[in-house]
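Input: a single structure, listed below in structure tokens.
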Amino acid sequence: TGGDGAAFAIIMARTGEGPHDATMFLTPLPNPAFKISRTLDTLDSSFMGGHAVIDIENLRVSGDDVLGEVGKGYEYAQVRLGPARLTHCMRWLGSAQRAHDIATNYARKRMAFGKILGEHEGVSFMLADNMMDMHTARLSIWHCAWVLDQGGRASNESSMAKVICSEAIWRVVDRSMQILGGLGLTRDTVVERIFRDVR
């Protein structure tokens, strides 16, 4: 992810006999040994540099390129999992809030069957469900961040937050698209893109 146009890459390579004996190396790009063979045409569009298939052949690295300590790459990758999961959750929550705000604004103005769209019970229930889903996601994020702030690894909390948030946020964006009706399927609003990205 982010390979196209990147100024450097982090390479994790096995450097010992054990299954977790890996080292991280920082490699400046472009480099003839590091080739993007294909940029994938994906559903989402929210990552700069897209998603790529990368071929690495005869890439040479030195001790000066080591990130941290030799043999600790796997450990470093594990340590960043909790905070990295939370950054996904926070980004998704922001996207869901944006989709909800657009749908709410539309429901306040759009006339349907003789009254404002948001006055229809089914629509107001969907907006309320959105608020509850986002509230639950936000609390899950805050709790996980609190565990990390206390010095915990938050492995379980970040795993739970990622599931809670991804499922709740998908529901919020799906409902928002439904409230927008046919407009939701167009690119006249950003909700269509958010729908693809959060999926």
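The values are calculated or read from the model by the stated rules, or taken from the named source; none is laboratory data. No experiment lies behind these values; they were computed from the predicted model shown. Backbone-built Cβ (ideal geometry, glycine too); neighbour counts: all protein chains shown. Accessible surface areas use protein heavy atoms only, side chains included; no ligands, DNA or RNA. Shrake-Rupley method; radii C 1.70, N 1.55, O 1.52, S 1.80 Å.
Can you compute the FRET efficiency between Val70 and Val190 using 1/(1 + (r/R0)^6), with r the Cβ-Cβ distance and R0 = 41 Å? Round to the nearest 0.05.
Working: r = 45 Å, r/R0 = 1.10.
The calculated FRET efficiency here is 0.35.
Summarised as an ellipsoid, the stretch 44-84 has semi-axes of 24, 20, 8 Å, derived from the eigenvalues of the Cα gyration tensor scaled by 5 and square-rooted, with the largest first.
Model label points for Thr39 and Glu121, set 7 angstrom from Cα along the Cα-to-Cβ axis, are 5.1 nm apart.
For the stretch 1-40, the C-alpha radius of gyration divided by 2.2 N^0.38 Å, with N the number of residues, is 1.38. Computed over Cα pairs, the Kirkwood radius of the stretch 61-158 leads via Stokes-Einstein (1.306 mPa s, 10 °C) to a diffusion coefficient of 95 µm² per second.
Calculated on the Cα set of the stretch 1-107, radius of gyration then Dmax: 18.1, 61 Å.
Once every DSSP H run of n ≥ 4 in the chain is given -39500 (n - 2.57) and the sum is divided by its residues, what mean residue ellipticity at 222 nm do you get, rounded to the nearest 500 deg cm²/dmol?
Numbers: 5 runs with 99 residues, N = 199.
-17000 deg cm²/dmol, from helical runs alone.
With the whole protein complex present, Ile194 retains an accessible surface near 10 Å², based on a 1.4 Å probe.
How much length, in nm to one decimal, is gained on full extension between Ala13 and Arg138, taken as 0.36 nm per residue of separation minus their Cα-Cα distance? Let's see the in-between values first.
On the way: separation 125, 0.36 × 125 = 45.00 nm, distance 3.62 nm.
The span from Ala13 to Arg138 would gain 41.4 nm if fully extended.
A straight line joining the Cα centroids of the stretch 1-75 and the stretch 123-199 runs 30 Å. Note on the stretch 115-199: Cα-only Rg and Dmax are 15.8, 53 Å. About its Cα centre, the dipole of the chain is roughly 620 debye, where the only charges are +1 on Lys and Arg Cβ and -1 on Asp and Glu Cβ. With respect to the chain, whose longest principal axis is taken over its alpha-carbon atoms, helix 81-109 is tilted by about 20°.
What is the log10 of I(q)/I(0) for the chain, computed with the Debye formula using one identical point scatterer on each Cα and no solvent, at q = 0.08, 0.12, 0.17, 0.18 Å⁻¹? Treating every Cα as an identical point scatterer, log10 I(q)/I(0) equals -0.41, -0.78, -1.13, -1.18.
Given +1 at the Cβ of Lys and Arg, -1 at the Cβ of Asp and Glu and no other charges, the dipole of the stretch 52-170 around its Cα centre is 500 debye to the nearest 20.
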